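Throughout, read-outs are computed from the coordinates displayed, never taken from laboratory work. None of these values were measured; they are calculated from a predicted model. Using ideal geometry, Cβ is built from the backbone for each residue, glycine included, and neighbour counts are taken over all protein chains shown.
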């Protein structure tokens, strides 16, 4: 399928799509994949929102640094974060523009109280997963793609994110614990799908190599294909790149050859991401 056609399919939707980037294993590359896919989609003309559902706020910090790097003359502050929106029952005015077509719904450490909020504002277990969906749904009128960056282990956040999502993208670092985390995540995903009658699909499993020349990485990549099916694993594999870690300190930049190497790889990921959405939506 023509790459431009699949991108146009994302950018010209009547309603946006919500995708949770998940894995129960910490350090599986969820945040890096979320923000770099979002960055590349925005560069391709897809209006993209990252919702940071992790009280560690790594996506928020990296994207606000990206905003500062692209707008060095202005002082950038954030007045309202996601927990403010949850408490006030609206996310509409919360997204912060980072660059053209890229927005952030920021988090703060107060989001660690989200589980407490859930239990104080629900009377039955079924309703515990329905806090975020009515807040996220209206944003689908404004954004083409909404990526949810979730913490590695939080039942309340994960089930709320999944119930609000059209798809999930699984970030998989090539190590045994990440494979187990992905398997457990998919197991719970199927439970939520059944309990809440969800029309949610797995968009794919995006591999992130610990060591691009390592035999363990090769073996774990094959194990993932055996466990989940070859078609479900992204053809594009993210090699170990030190520059990605630097974006947590500097924000996402596209200046030197090391930046460009990362950007080229994630442009391929964004293209395959768009292709997979197109095929799923038109199958």
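Scoring residue 3 on the criteria (1) surrounded by 20 or more Cβ atoms within 10 Å (Cβ to Cβ); (2) within 26 Å of residue 208 (Cβ to Cβ); (3) in contact with a helix residue (DSSP H, G or I) (Cβ under 8 Å, 6 or more places away or on another chain) leaves a single failure, condition (1).
The single condition among (1) more than 27 Å from residue 11 (Cβ to Cβ); (2) touching a residue at least 60 places away in the same chain (Cβ under 8 Å); (3) not in a helix (DSSP H, G or I) that residue 61 does not meet is (3).
Residue 50 satisfies every condition listed in (1) crowded, with 19+ Cβ neighbours inside 10 Å; (2) in contact with a strand residue (DSSP E or B) (Cβ under 7 Å, 6 or more places away or on another chain); (3) farther than 23 Å from residue 236 by Cβ except (3). Answer yes if at least one residue in the stretch 31-45 is in contact (Cβ under 8 Å) with a residue 12 or more places away in the chain, closer than 16 Å to residue 254 by Cα, part of a helix (DSSP H, G or I) and over 15 Å from the mean Cα position of the chain (by Cα), and no otherwise. The answer is yes, given that some residue of the stretch 31-45 is in contact (Cβ under 8 Å) with a residue 12 or more places away in the chain, closer than 16 Å to residue 254 by Cα, part of a helix (DSSP H, G or I) and over 15 Å from the mean Cα position of the chain (by Cα). On the stretch given as the stretch 77-109, residues that are in contact (Cβ under 8 Å) with a residue 12 or more places away in the chain, assigned to a helix (DSSP H, G or I) and surrounded by fewer than 15 Cβ atoms within 10 Å (Cβ to Cβ) total 2. Of the residues making up the stretch 135-152, those that are in contact with a helix residue (DSSP H, G or I) (Cβ under 9 Å, 6 or more places away or on another chain) and either surrounded by fewer than 19 Cβ atoms within 10 Å (Cβ to Cβ) or in a loop (DSSP other than H, G, I, E, B) (or both) are 137, 144, 150, 151, 152.
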